[in-house]
1. Determine whether residue B:289 is modelled with pLDDT of 85 or more and part of a helix (DSSP H, G or I).
2. Out of the helices (runs of 4 or more DSSP H) lying entirely within segment A:206-298, which hold 1 or more residues that are farther than 30 Å from residue B:105 by Cα and at pLDDT 85 or above?
3. When segment A:225-248 is examined, which residues are found to be within 10 Å of the chain's Cα centre (by Cα) and without any contact (Cβ under 8 Å) to a residue 12 or more places away in the chain?
4. Among the candidates B:64, B:99, which residue alone is buried (at least 22 other Cβ atoms within 10 Å of the Cβ) and either under 17 Å from the mean Cα position of the chain (by Cα) or closer than 22 Å to residue B:12 by Cα (or both)?
5. In segment A:216-237, what residues are within 18 Å of residue B:58 (Cα to Cα), more than 9 Å from chain B (Cβ to nearest Cβ) and either crowded, with 21+ Cβ neighbours inside 10 Å or touching a helix residue (DSSP H, G or I) at 6+ places or on another chain (Cβ under 8 Å) (or both)?
6. Given the conditions (1) over 18 Å from residue B:225 (Cβ atoms); (2) buried (at least 22 other Cβ atoms within 10 Å of the Cβ); (3) touching a residue at least 40 places away in the same chain (Cβ under 8 Å), report the number of the one that residue B:29 does not fulfil.
7. Name the single residue that is farthest from residue A:137 (Cα to Cα) among those in segment A:199-215 being buried (at least 19 other Cβ atoms within 10 Å of the Cβ) and facing another protein chain (nearest Cβ under 7 Å).
8. Can you give me the number of residues within segment A:65-92 that are in a helix (DSSP H, G or I), within 18 Å of residue A:17 (Cβ to Cβ) and without any contact (Cβ under 8 Å) to a residue 40 or more places away in the chain?
């Protein structure tokens, strides 16, 4: 198992290198100059050139890349042009609210989606099934910012049950932390929930057609445990894949929701950095999210092995 | 000694809903199985053997797209009228079933021990520990070496023959009175096939268990079955004691099947007889006799009217669904005399 994890981590390095080159090129090809943004519209060409030189932006692009990537390998993502602080530090500060939001959204999505998917599969073809799937389609179609605004309007403004916006760190207490997170998490998790519900339903239906379900039924297994014991665990693999793939989009998708709810997360950091043409931060964040994706995929692969003995890695 | 009738199926029909309406996969089947008896059910693929077997346990989802008609009396009780919860008590306990493809019939994510003890725990009031010990005994019974070790393994770690033994162990876990074996040896190679048949035959004798053995292998039928029902397109076309069926097939379809078996002492230069054509699809069932389109003896009557399954007078216990059974038999006898 350990050697497998090591192998996976090593194989991630080329992926990261490619990503780093692509992101570096894209950023440097897009129009806009950090020096002129920092100095404002009044700045003279001489001032801009001077700042460019001090930031290293006047060097040939491959030199800029190599000096950056050399730092990355030492854990130094560079220094923000604008905030004058190390990029790692700004990411570390903004990632906490985003991760908190993403995990909470994921939990809500799973809590809603899995029972709905299982129920719909069990009652396939019935009115309950179709109405749940229509509901899921609705959840997938509604843009998260719209849902966010509607939720704020209802629970924040009309009913006054929950705060309208803002963020409280976990250190202020779990309850208050969640109170501020619940609306953003629902708006972020809705699409996720819809996706997982549909996947759960179709995955279970597929498994229900398998021979081993028929033989379990012939054994006298009751319908309830037929679905929960025999079908669900087998159906979990595709569901897990969807969860793994979309958890990453939760983090990137948080950009919109963070803006609506004014949460100081990674989304806001990215948006602000793009406006300021703060190349170092953008590169750092993208690279960081790539690492996160790779890490998530690794976890999903390890979970596969726990669910399905056929993909177990360390047996004999 | 007269054995008790274990299962009596009368006029069973199984309809499946599809996009184009209902199709009737099993159309008015009647047969019975006695205690300790092995009944063979033979026929080509797609003629409704498996559906018949699965209908006995009502494995097709009635809430979804299936409709049963007729009567399936097990020990005097009509299974089709039982509530589902009662049915669940019968499945795997009173009547169990072994399926065609062992590789896909075991749940891949649970150990075989788990799957055997599940059957025990469902139907018997015993502790997990006892169930575990019993599972080991069962594995021993079906001839799996070092069962204590095997019991913790997953299906994919076993060979096909071993998997089918596990299926049999599950089927026999609660000592059922009736075992339905749906082509249990089709997916296995010949030596394993013989071993599996041997186990089933032994248990049939020891436990006086009734067996419905579904197969398209007439060789296997000759070897183990007491009686045979031949199915064609959802109906039984002939039913007879095995010995009678092989000596004197009554239905042209049965003789066709028998003639299509290659013989060791046969003439190599002669072409093997086959039943011409193929089984028509269920949504284009011919009027009249269902076999007429492939039958060398068919006449107008056959094309127009469907014969009933009727007792054949010369042969006790034999039944045939053919207008011309007597005529065909006489002709064949004459032929034999003239060639001899």
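The values are calculated or read from the model by the stated rules, or taken from the named source; none is laboratory data. No experiment lies behind these values; they were computed from the predicted model shown. Here Cβ is always computed from backbone atoms with ideal geometry, including for glycine, and neighbour counts include all displayed protein chains.
1. Considered against the rule, which asks whether it is modelled with pLDDT of 85 or more and part of a helix (DSSP H, G or I), residue B:289 comes out as no.
2. Of the helices (runs of 4 or more DSSP H) lying wholly inside segment A:206-298, those with at least 1 residues that are farther than 30 Å from residue B:105 by Cα and at pLDDT 85 or above span A:232-261, A:266-275.
3. If the condition is that a residue be within 10 Å of the chain's Cα centre (by Cα) and without any contact (Cβ under 8 Å) to a residue 12 or more places away in the chain, then A:245 is the only one that fits.
4. One residue alone meets the criteria, B:99.
5. A:226, A:227
6. All conditions pass for residue B:29, except number (1).
7. If we take residues in segment A:199-215 being buried (at least 19 other Cβ atoms within 10 Å of the Cβ) and facing another protein chain (nearest Cβ under 7 Å), then A:215 is farthest from residue A:137 (Cα to Cα).
8. 5
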